[in-house]
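Student: Got a structure for you, written out below as structure tokens; questions coming shortly.
A short reminder: the numbers here are calculations on the coordinates, not readings from a lab. All values reported here derive from a predicted model rather than from experimental measurement. Neighbour counts are summed over all protein chains in view; Cβ atoms, including those assigned to glycine, are modelled from backbone coordinates with ideal geometry.
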Amino acid sequence: MQYQRLGTHNWTQWREAILLLEAQIYEPSRQDTPETLERIICDGQSVSLAAIDGDRLAGFCLGAPLEYFAHVRGPAEDPARGSESALYAADTLVDTHYRGQGIGRELKARQIEAARSEGFTSICGRNRAGLAQAMWQLNTSLGARAVHIIEKDYQDGIEPDICIYYHIALSVP
Ligand SMILES: CC(C)(COP(=O)(O)OP(=O)(O)OC[C@H]1O[C@@H](n2cnc3c(N)ncnc32)[C@H](O)[C@@H]1OP(=O)(O)O)[C@@H](O)C(=O)NCCC(=O)NCCS
């Protein structure tokens with residue numbers, strides 16, 4: 001498995017595969033639009049990575065400064081927003097075919113290390129209780145602590161409709 005940074009240099013190359021996995025894996029209420037995905041990946045301070053097997057996209061994790069997500073519950077109420085020191089982890093997924101092989105953990109470990117070395121002091125994000133249970137387990141193993149429980153934000157009729165907003169503190173490099 002190869003791990004690559006995503007950015008303006010390879011957005012066009014991976015765009016279709018990213019949009020396909022996003023649509024296949026997230027239920028509609030958690031999917032980001034193509035425009036949002038492009039904005040996150042192509043931001044100058046993006047910390048986004050892809051896991052690539054040959055020429056196949058196995059998974060990705062995306063992050064951009066918290067300030068970009070003022071319209072999202074969690075970031076909207078976060079006092080850290082404005083400090084320009086927090087990375088918002090927007091999407092993480094691994095294709096079902098590749099799960100359980102350590103790819104999700106490797107993507108997150110690399111994202112955390114890159115964020116730390118690029119000057120971020122924390123990572124924050126949202127995990128849906130139940131549907132993102134594996135991600136929440138992974139995040140807690142990396143130091144995540146819940147800072148805000150948000151109810152009825154997805155409003156898609158799927159229970160539980162509970163979002164865990166978390167922070168991971170990063171130590172100084
Ligand atoms: C979360 C996800 C990215 C994990 O990817 P993965 O490559 O299968 O994960 P890994 O093999 O690296 O496992 C990492 C950890 O995830 C957790 N995990 C993985 N599969 C799990 C499962 N079926 N149940 C509970 N926890 C699980 C464990 O804590 C595991 O720890 P370990 O390394 O000690 O075994 C993947 O399950 C996924 O794409 N889920 C759907 C998308 C999603 O909901 N993303 C999160 C919302 S942003």
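Student: Under the rule of -39500 (n - 2.57) per DSSP H run of 4 or more residues, summed and divided by the residues of the chain, what mean residue ellipticity at 222 nm is obtained, to the nearest 500 deg cm²/dmol?
Tutor: Using -39500 (n - 2.57) per qualifying helix, the result is -8500 deg cm²/dmol.
Student: Moving to a separate point now. Compute, for segment 99-141, the length of the dipole vector about the Cα centre, with Cβ point charges of +1 (Lys, Arg) and -1 (Asp, Glu) only. Units Debye, rounded to 20.
Tutor: 180
Student: Output wanted: per-residue J couplings in Hz (rounded whole) for segment 18-29, from phi through Karplus 6.51 cos²θ - 1.76 cosθ + 1.60, θ = phi - 60°, x for Gly and Pro.
Tutor: In residue order, the calculated couplings are 5, 5, 5, 5, 4, 6, 6, 9, 8, 5, x, 5 Hz.
Student: While we're here: From the phi angles alone, apply the Karplus equation (6.51, -1.76, 1.60; θ = phi - 60°) to segment 42-53 and give each ³J(HN,Hα) in whole Hz, x where the residue is Gly or Pro.
Tutor: In residue order, the calculated couplings are 8, 5, x, 9, 4, 10, 10, 9, 10, 9, 10, 10 Hz.
Student: Turning to a different aspect of this structure: Quick one: if you stick a label point 7 Å off each Cα along the C-beta vector at Thr96 and Glu67, how many nm between them?
Tutor: Label-label distance for Thr96 and Glu67, simple model: 4.1 nm.
Student: A further question on this structure: So how do Ile123, Ile112 line up by other beta-carbon neighbours within 10 Å, fewest first?
Tutor: Result, fewest neighbours first: Ile112, Ile123.
Student: Just want to confirm a number: the relative contact order over the chain, from Cα pairs under 8 angstrom separated by 6+ residues, in percent.
Tutor: Rounded, it is 19 percent for the chain.
Student: Moving on to the next point. Grab the Cα-Cα distance for Gln13 and Arg105, subtract it from 0.36 nm times how many residues apart they are, and report the gain in nm with one decimal.
Tutor: Value of the extension gain: 30.7 nm.
Student: Give the long-range amide H neighbours of Val47: residues separated by 5 or more places, or on another chain, with amide H under 5 Å away, using H modelled in the peptide plane at 1.01 Å from N.
Tutor: Distant-sequence amide H within range of Val47: Gly63, Ala64.
Student: Shifting gears a bit: Note down the magnitude of the dipole of segment 2-169 about its Cα centre, charges +1 on Lys and Arg C-beta and -1 on Asp and Glu C-beta and zero elsewhere, to the nearest 20 debye.
Tutor: 460
Student: Taking neighbour counts of Cβ atoms within 10 Å as a proxy for exposure, in what order, fewest first, do Ser85, Ser48, Ser122 appear?
Tutor: Ser85, Ser122, Ser48
Student: To check my understanding: the extent here is largest minus smallest coordinate of the Cα atoms along each principal axis. What are those three numbers for the chain, in Å, largest first?
Tutor: 40, 40, 30
Student: I've got another one for you. Please report Leu20, Leu93, Leu142 as a ranked list, fewest other C-beta atoms within 10 angstrom at the top and most at the bottom.
Tutor: Leu20, Leu142, Leu93
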